[in-house]
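Worksheet: one structure, shown below.
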């Protein structure tokens, strides 16, 4: 078994363990306010990150960690794990489906493996660099070519209310030109939906490395184009099959 295969096997195992922890939702909540009053973490976000970090380090004690809930550990091995213990915390808090656990491993050349596990919808996406993308172990590919006027897009909105005003400029520009728009509640799951063809394209501002690392690799291995660029003082992420990607970007207002 290669090192990449070992990393992927470990990521899949730990993501499923975290999923088992999280599906047992607590009877009451301890909420932590993060960037704004509506950006929250629960005690389960913290417990999930603790489980993931401890499991990684038990198997690979020299690896580094970047975690959404604050874990930061420099790598001695050259491999760093990028984790989002609950992507879609608001969904999780309200008891809505679609939240996910995102785990990726990278080295100096980029992301090596990525796993996005969404237990409430029985979906586990994974990919390794150069090895293709899979949903529940079945190979997947994005939809391509798709014309803009037939495109089903997904998106999410920033926690900072001022940033939402900027994001609305994209929605206003695109909505009259597309099939429809979906708001799932998890950036990692949204990008994986592009990879699987469940939606045709995706756009969102303000994503962090832990939101993107695993899902971006999965989407690219499924044939999608994924980029993040500056836009109106924010970082704008766009993902779609190559044909739609060009048309989508052309219609996003500068």
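Summary of values
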quantity	calculated
Members of the range 171-217 found to be over 21 Å from residue 8 (Cβ atoms), surrounded by fewer than 22 Cβ atoms within 10 Å (Cβ to Cβ) and out of contact with any helix residue (DSSP H, G or I) (no Cβ under 7 Å at 6 or more places or on another chain), listed by number	171, 172, 175, 176, 180, 182, 183, 197, 198, 208
Restricting the range 159-170 to residues that are within 18 Å of residue 201 (Cα to Cα) and touching a residue at least 12 places away in the same chain (Cβ under 8 Å), the residue that is surrounded by the fewest Cβ atoms within 10 Å (Cβ to Cβ)	169
Out of 119, 97, sole residue that is at pLDDT 95 or above, outside the structural domain of residue 197 (by TED's automatic domain parsing) and under 17 Å from residue 17 (Cα atoms)	119
Flag if residue 114 is touching a strand residue (DSSP E or B) at 6+ places or on another chain (Cβ under 7 Å) and at positive phi	no
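To keep it simple, each residue is scored yes or no on (1) over 18 Å from residue 88 (Cβ atoms); (2) at pLDDT 95 or above; (3) assigned by TED's automatic domain parsing to the domain that holds residue 159.
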residue	(1), (2), (3)
27	yes, no, no
33	no, no, no
39	no, no, no
47	no, yes, no
53	yes, yes, no
56	yes, yes, no
61	yes, yes, no
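The values are calculated or read from the model by the stated rules, or taken from the named source; none is laboratory data. Bear in mind the structure is a predicted one, so any value in this text is a computation, not a measurement. Cβ sites come from the backbone with ideal geometry, for glycine too, and all protein chains shown count toward neighbours.
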